[in-house]
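Visitor: Before we start, here is the structure in question, set down as structure tokens.
The values are calculated or read from the model by the stated rules, or taken from the named source; none is laboratory data. This one's a predicted model, so the numbers in the text were calculated from it and none came from an experiment. Please note: Cβ atoms are built from the backbone with ideal geometry, for glycine as well, and neighbour counts cover all protein chains shown. Please note that ligands, DNA and RNA were not included when accessible areas were found on the heavy atoms of the full protein model with its side chains. Shrake-Rupley method; radii C 1.70, N 1.55, O 1.52, S 1.80 Å.
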Amino acid sequence: MTTEGHIAALERRHQELDRQIQAEMSNTRYDDLTVAALKRKKLEVKDELYKFTTTTQ
């Protein structure tokens, strides 16, 4: 996979995690632990995305 392809995949994963967080939080009885885990994964993806975008510039 090329660097651009990997960045695009990370961006899609970041957006998907954001959608999952929003969907979970829209439930009236959402699970705080699930939301926290999703946010943690989203942050990990964002950190990895940052590493790739700063090294390619």
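Visitor: Cut-off under 16 Å on the C-alpha distance; same-chain residues fewer than 8 positions from K39 excluded. Which aspartates and glutamates are left, in chain and number order?
Guide: Candidates past the 8-residue exclusion: E11, E16, D18, E24, D31, D47, E48.
Visitor: Using only Cα atoms and rounding to the nearest 10 degrees, what angle (0 to 90) does helix 3-26 make with the longest principal axis of the chain?
Guide: 10
Visitor: Here is a follow-up. Among 25-36, 42-53, what's the highest-first ranking by average C-beta atoms within 10 angstrom per residue?
Guide: Working: 25-36: 10.2, 42-53: 14.1.
Most protected by this proxy first, the peptides run 42-53, 25-36.
Visitor: How much of the accessible area of the chain, probe 1.4 Å, is carbon plus sulfur, in whole percent?
Guide: Numbers: 2280 of 4530 Å².
C and S fraction of accessible area: 50 percent.
Visitor: How much accessible area per residue does the chain have, counting only protein heavy atoms and a probe of 1.4 Å, in square angstrom? Provide the component values of the computation, followed by the final result.
Guide: On the way: 4530 Å² over 57 residues.
I get 79 Å² per residue for this part.
Visitor: Let me ask another. With runs of 4+ DSSP H residues as the only contributors, calculate the mean residue ellipticity of the chain at 222 nm using -39,500 (n - 2.57) per run, divided by the residue total and rounded to the nearest 500. Intermediate values should be presented prior to the final figure.
Guide: Numbers: 2 runs with 48 residues, N = 57.
Mean residue ellipticity, 222 nm, calculated: -29500 deg cm²/dmol.
Visitor: Quote the convex hull volume per residue of the chain, based on C-alpha atoms, as a whole number of Å³. Mind showing how you got there, number by number?
Guide: On the way: hull volume 3.5 nm³, N = 57.
Taking only Cα atoms, the chain has a hull volume of 61 Å³ per residue.
Visitor: Hey, what angle do you get for helix 32-55 against the long axis of the chain, alpha-carbon based, 0 to 90 degrees rounded to 10?
Guide: The answer is roughly 10 degrees.
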